[in-house]
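Inspection log for the structure reproduced underneath, given as structure tokens.
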Amino acid sequence: MTTQTGFSKRTVSPFRYDVVGSFLRPQALKAARAQVAAGTLDAAGLKAVEDREIIKLIQAQEAAGLKAVTDGEFRRSWWHLDFFWGLQGIAKKQLTQGYVFNAEETRAESATVTGKISGENHPFVTHFKFVQAHVKAGVQVKQTLPAPAQCLAELQRPENIAALRQVYATDAAAVKALAAAYHQVLEDLYAAGARTIQLDDCTWGMLAGNHTKGAETGAVSARNDAVLDQNKQLYLTVNNEAIKDLPADLTINTHICRGNYHSTWASAGGYDSVADPLFNQENVSAYYLEYDSDRAGGFEPLKLVSDDKLVVLGLITSKSGELEDRQTIIDRIHEAAKYVPLDRLCLSTQCGFASTEEGNVLTPAQQWAKIGLVKSIATEVWGA
């Protein structure tokens, strides 16, 4: 193996090799959740299982050499809804239809506004503290959260918009409240010791997926640039408002996704239609970008990434257990470096291994083999 030299050393997230954050749920946790559903295990019993399995996961991540670890999202059923339900003024809602993916439909749950939205006493702060208390010295904890734009998009769904409008008459009012609520959670996480936050965001991927469709209906038609631009500005505003005026040593990164449920996907389309303003105006430090299939398009939109930002190339898929060809991945890294200097690039899986508790279709052994491949390639390319 030939290791290149001369690259800057990454001391804060993202590191040269990384993962998005969610992991396959262990059987013990699945069994405990089934017991809760059956009424044979209480909340305290479930928490005890979660605690035990999260500690095991932390140790496994450390053994794999990850420099920033997560709780695997083991306390969540969904990557996004559980966070929304933890905000004041938002509650769980049952629907008649789930999210529609390429090959499957999810469970039918959502989030609805029940009153003024705020971020006090969010349970994710306690979840973070648990992980922080169980990592080795020198290992960072990455807290993953669904982006503010993702929450706004959920509340704007046709099934939810009436409840949103009962409390917030305009999008501007909703944006202000959501941004403030998120800002409170971020400040509370910082006070608890968090220094790395990752905002997971499917809104840009969905817009990109609709870049040749009528954005207001999803029906195949000529692109509606006015609606596309309106949504881009709305998502940019709520995300930037939520993360402004935070401590300088709090790193905010984002992960852009096209859907990840049981190894299926929800949208397809390159970054071309959203790169401006996503890559040059969203005030994050790094972008974790899905690039594991041709559904993500080419690397050319990366030329719009601001000079002070990093890009984490999600070239290793989490949707399949089959290992990628090593040289193909290395070649693709260097192809991306035509648009963003190699020193500002990192490598990761394209998404988490279990964005919902169902998990993707691969084994735990394959999951860890994927992480090992990411680390090995990154070490060869950057000397990570």
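Tell me which of these GLN150 doesn't satisfy, since it passes every other one: (1) more than 19 Å from the chain's Cα centre (by Cα); (2) open to solvent by 10 Å² or more (accessible area, probe 1.4 Å).
Unmet condition: (1).
Within the stretch 346-369, how many residues turn out to be within 18 Å of the chain's Cα centre (by Cα) and open to solvent by less than 40 Å² (accessible area, probe 1.4 Å)?
Start the filter on the stretch 346-369 by keeping residues that are within 18 Å of the chain's Cα centre (by Cα), which leaves 346-360, 367.
Now restrict to residues that are open to solvent by less than 40 Å² (accessible area, probe 1.4 Å): 346-356, 359-360, 367.
Final tally of qualifying residues: 14.
Being without any contact (Cβ under 8 Å) to a residue 60 or more places away in the chain, farther than 23 Å from ALA192 by Cβ, out of contact with any strand residue (DSSP E or B) (no Cβ under 8 Å at 6 or more places or on another chain) and of a type outside the set (A, V, I, L, M) narrows it down to one residue among GLY115, GLY39, GLY98; which is it?
Just one listed residue meets the conditions, GLY39.
Take LYS93 and tell me if it is assigned to a helix (DSSP H, G or I), in contact (Cβ under 8 Å) with a residue 24 or more places away in the chain and open to solvent by 20 Å² or more (accessible area, probe 1.4 Å). Give the steps one after another, and end with the answer.
Values: assigned to a helix (DSSP H, G or I): no; in contact (Cβ under 8 Å) with a residue 24 or more places away in the chain: yes; open to solvent by 20 Å² or more (accessible area, probe 1.4 Å): yes.
Taking the combined requirement at face value, the residue does not satisfy it.
Taking VAL305 as the residue in question, decide whether it is within 27 Å of TRP79 (Cα to Cα), surrounded by fewer than 23 Cβ atoms within 10 Å (Cβ to Cβ) and in contact with a helix residue (DSSP H, G or I) (Cβ under 6 Å, 6 or more places away or on another chain). I'd like the intermediate steps shown before the answer.
Numbers: within 27 Å of TRP79 (Cα to Cα): yes; surrounded by fewer than 23 Cβ atoms within 10 Å (Cβ to Cβ): yes; in contact with a helix residue (DSSP H, G or I) (Cβ under 6 Å, 6 or more places away or on another chain): yes.
Spelling it out, VAL305 is indeed within 27 Å of TRP79 (Cα to Cα), surrounded by fewer than 23 Cβ atoms within 10 Å (Cβ to Cβ) and in contact with a helix residue (DSSP H, G or I) (Cβ under 6 Å, 6 or more places away or on another chain).
Look at ALA215 and say whether it is more than 24 Å from GLY21 (Cα to Cα), open to solvent by less than 30 Å² (accessible area, probe 1.4 Å) and either assigned to a loop (DSSP other than H, G, I, E, B) or at pLDDT below 90 (or both). It would help to see each step written out before you state the result.
Numbers: more than 24 Å from GLY21 (Cα to Cα): yes; open to solvent by less than 30 Å² (accessible area, probe 1.4 Å): yes; either assigned to a loop (DSSP other than H, G, I, E, B) or at pLDDT below 90 (or both): yes.
Considered against the rule, which asks whether it is more than 24 Å from GLY21 (Cα to Cα), open to solvent by less than 30 Å² (accessible area, probe 1.4 Å) and either assigned to a loop (DSSP other than H, G, I, E, B) or at pLDDT below 90 (or both), ALA215 comes out as yes.
What number of residues within the stretch 235-258 satisfy the criterion of being in a helix (DSSP H, G or I) and touching a strand residue (DSSP E or B) at 6+ places or on another chain (Cβ under 9 Å)?
Our first condition is that a residue be in a helix (DSSP H, G or I); within the stretch 235-258, this holds for 235-243.
Checking the rest, the ones that are also touching a strand residue (DSSP E or B) at 6+ places or on another chain (Cβ under 9 Å) come to 235, 239, 242-243.
Total meeting the criteria: 4.
The values are calculated or read from the model by the stated rules, or taken from the named source; none is laboratory data. Keep in mind it's a predicted model, so treat the numbers as computed, not measured. Every residue, glycine as well, gets a Cβ built from its backbone with ideal geometry; the counts of neighbours run over all protein chains shown. Keep in mind that these areas ignore ligands, DNA and RNA; they rest on the heavy atoms of the full protein, side chains included. Shrake-Rupley method; radii C 1.70, N 1.55, O 1.52, S 1.80 Å.
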